1. How much length is gained if the chain between ARG89 and ARG140 is pulled fully straight, taking 0.36 nm per residue apart and subtracting their Cα-Cα distance, in nm to one decimal?
2. In the neighborhood of VAL11, defined by Cβ-to-Cβ distances under 11 Å, what is the net charge if each Lys or Arg adds +1 and each Asp or Glu adds -1?
3. Around ILE232, what is the net charge, scoring Lys/Arg as +1 and Asp/Glu as -1 over all other residues with Cβ under 10 Å from its Cβ?
4. Search the structure for amide H atoms under 5 Å from the amide H of ALA204, placed 1.01 Å from N in the peptide plane, and list their residues when 5 or more places away or on another chain.
5. Can you check what the net charge comes to around ARG50, using other residues whose Cβ is under 12 Å from the Cβ of ARG50 (Lys, Arg +1; Asp, Glu -1)?
6. Could you list which residues have their amide H under 5 Å from that of SER258, counting only those 5 or more apart in sequence or on another chain, with H placed in the peptide plane?
7. Can you tell me the relative contact order of the chain? Whole percent, Cα pairs under 8 Å, sequence separation 6 or more.
8. Send over the semi-axes of the chain's equivalent ellipsoid, whole angstrom and largest first, taken as the square roots of 5 times the C-alpha gyration tensor eigenvalues.
Amino acid sequence: MDAASREALAVTRERLAATTRGAAGPGLLALADELFAVARLLDGQVSLRRALSDASVKPVDRAGLARRILGGKVSEATVDLVETTARQRWSRPLDLVEATEVLATEAGLDAAEARGELEGVEDELFRFGRIVAGDPELSRILSDDRAPAAGKTALLDRLLTGRVSPVSELLLRNTLTARHVGSAENRIERLSTAASARRGRSVAHVTTAVPLTAAQERRLQAVLGRIYGRTIGLQVTVDPAVLGGLVVRVGDEVIDGSVVNRLEAAGRRLTG
């Protein structure tokens, strides 16, 4: 998103915060599900998202169109949020889809907070991401935009139902059955990162040859906290291919202290 759409998203997120303040978990979960449904509608209806973002049309008229389409079909809270979205100025129509997905995800995390499950949801999202990353066939199916959504939904039902919280199930199912998933691993990681951010933490993705002890994890968190000046949570993956040491990624920054990396660097020096 460019500056105009980021500003519009900030306004809609403020409206969401006002709407969900003090709300109970079940209502928030239903709100998240409806917002995901609206995002799917906008993604599939090019003419609709263009009409709701047409800068030549008055904001009040765009909001009125949203109400005519959604009124009586979803909750008043969802209609109000979509009206607020339609009143904003967006750089491109597709930004409405992304913004509505953001609102849906945040409403889901609001539900996790209300249920006292935010930490557990973060952990479930991370663990499912590791399952997908470790299974090339599963990753291929969930990343395939041509695969039928019904088939993906059935697969996710088998993998998730009764194994994760209702919040994690809702977030994963709706995110991974969208029309344009791209990389399933990346989409799941963004969900996990959003849950971490809600807890006031940044996430360090750590790859290590052997499991870290609790004391080692605490020391690593302390070091990273001093480096970045904020609380850092760890999401640790064990991969013998790194041979030894650690590979740490925080956002787009990678600290590669693995034996593999050191051997490759030594090889480059020898051949250089």
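All of the numbers you see were taken from the coordinates with simple rules; none came from a lab. The structure displayed is predicted, hence computed values, not measured ones. Here the Cβ is made from the backbone with ideal geometry for all residues, glycine too, and neighbour counts use every protein chain on show.
1. Length difference between fully extended and current span is 14.7 nm.
2. Combined, the nearby Lys, Arg, Asp and Glu give +3.
3. Net of charged neighbours comes to +3.
4. GLY233, LEU234, GLN235
5. +1
6. Long-range HN contacts for SER258: LEU246.
7. 17 percent
8. Largest first, the chain gives 38, 20, 20 Å.
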